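Scroll down for the structure; my scribbles are underneath it.
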Amino acid sequence: MSSDNATGDDAAPVCEHEFTLVLRGADQITRELEEALFEHGCDDATLSCSHQRLWLDVVREAATLEEAVATAIRDVRRAGAAMGVPLDVERLDACPFITQAGIARRLGCSRQYLGQLVVKGRKGRRFPAAACHLHEGNPVWQWVTVARWLADLGMVAPQMAEEAVVIDRLNAALSAEAAGRQNTSAAPRMKRGA
């Protein structure tokens with residue numbers, strides 16, 4: 001998700017971060033939208049649309065993933081304000097849940113090896129418990145929990161777990177912010193109806 005690109009001895013290290021934002025407030029790509037995003041700082045992003053959902057693929061340089069995402073969200077909101085539309089970021093496009101096959105792909109190992117980790121654990125530590133089951137026999141895990149476990153055992157770089165934590169935290173904040181707006185806008189309707 002990120003790659004180092006130090007800019008010198010005096011400057012803070014800058015990395016290139018790649019992530020995708022799921023947008024709300026618009027359901028199609030227009031020239032006006034593309035230009036507004038470009039003019040307000042998203043010149044490092046590609047806008048796409050699928051099933052009336054807008055996606056913004058971003059490759060942004062920043063000291064941290066959190067900074068890169070925060071500035072991209074700010075830029076999207078500024079573009080929406082300039083257009084007079086409620087353009088906003090719904091979430092980062094990173095599913096918090098992952099299957100056993102998905103974990104194996106991220107680790108670059110076989111599903112059989114991962115199956116052994118799930119059953120036997122490693123270095124006396126049990127594999128994290130599944131978050132839920134899609135259907136019988138197909139568990140899914142929270143990626144942030146699995147990434148931390150793998151990093152603690154030295155099976156993945158600590159950066160992978162840190163990025164999972166940041167994405168989880170940012171998505172929770174975006175969700176809470178949206179819920180707060182919904183509660184605020186619903187309050188007057190509830191009073192009128194009472």
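The values are calculated or read from the model by the stated rules, or taken from the named source; none is laboratory data. Being a predicted model, the structure only gives us computed values, none of them experimental. Note that we place each Cβ from the backbone using ideal geometry, even for glycine, and neighbour counts take in every protein chain shown. Just the protein is used for accessible areas: all its heavy atoms, side chains included, with ligands, DNA and RNA removed. Shrake-Rupley method; radii C 1.70, N 1.55, O 1.52, S 1.80 Å.
Here is a yes/no grid of residues against (1) open to solvent by less than 60 Å² (accessible area, probe 1.4 Å); (2) of a type in the set (Val, Ile, Thr); (3) closer than 30 Å to MET155 by Cβ:
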{"residue": "GLN28", "(1), (2), (3)": "no, no, no"}
{"residue": "GLU66", "(1), (2), (3)": "no, no, yes"}
{"residue": "ARG74", "(1), (2), (3)": "no, no, no"}
{"residue": "ALA79", "(1), (2), (3)": "yes, no, no"}
{"residue": "THR99", "(1), (2), (3)": "yes, yes, yes"}
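Do we have any residue at all in segment 80-89 that's in contact with a strand residue (DSSP E or B) (Cβ under 6 Å, 6 or more places away or on another chain) and aliphatic (A, V, I, L, M)?
Checked segment 80-89: at least one residue is in contact with a strand residue (DSSP E or B) (Cβ under 6 Å, 6 or more places away or on another chain) and aliphatic (A, V, I, L, M).
Anything in segment 49-77 that is of a type in the set (Lys, Arg) and either without any contact (Cβ under 8 Å) to a residue 12 or more places away in the chain or under 19 Å from ALA173 (Cα atoms) (or both)? List them, or say none.
So the first thing to find is which residues in segment 49-77 are of a type in the set (Lys, Arg), and the list is 53, 60, 74, 77.
Correct list: ARG74, ARG77.
For the structure I just gave you, tell me whether LEU150 is open to solvent by less than 90 Å² (accessible area, probe 1.4 Å), farther than 30 Å from THR30 by Cα, modelled with pLDDT under 95 and out of contact with any Gly (no Cβ under 9 Å at 6 or more places or on another chain). Reasoning before the result, please.
On the way: open to solvent by less than 90 Å² (accessible area, probe 1.4 Å): yes; farther than 30 Å from THR30 by Cα: yes; modelled with pLDDT under 95: no; out of contact with any Gly (no Cβ under 9 Å at 6 or more places or on another chain): yes.
Criteria not met by LEU150.
Test PRO86 against the criterion of being in contact (Cβ under 8 Å) with a residue 60 or more places away in the chain and open to solvent by 80 Å² or more (accessible area, probe 1.4 Å), and give yes or no.
Yes.
Cβ-Cβ below 6 Å, separation at least six or inter-chain, first residue in segment 93-109 and touching a residue at least 40 places away in the same chain (Cβ under 8 Å), second assigned to a strand (DSSP E or B): which pairs?
ASP93/THR20; ASP93/VAL22; PRO96/GLN142; PHE97/VAL140; ILE98/TRP141; THR99/VAL140
Find the strands (runs of 3 or more DSSP E) located wholly in segment 33-114 whose residues include 2 or more that are under 13 Å from the mean Cα position of the chain (by Cα) and modelled with pLDDT of 95 or more, and list them.
53-62, 88-92
Could you tell me which residue of segment 27-61 is nearest to GLU90 (Cα to Cα), considering only residues that are out of contact with any strand residue (DSSP E or B) (no Cβ under 6 Å at 6 or more places or on another chain) and among the small types (Gly, Ala, Ser)?
SER50
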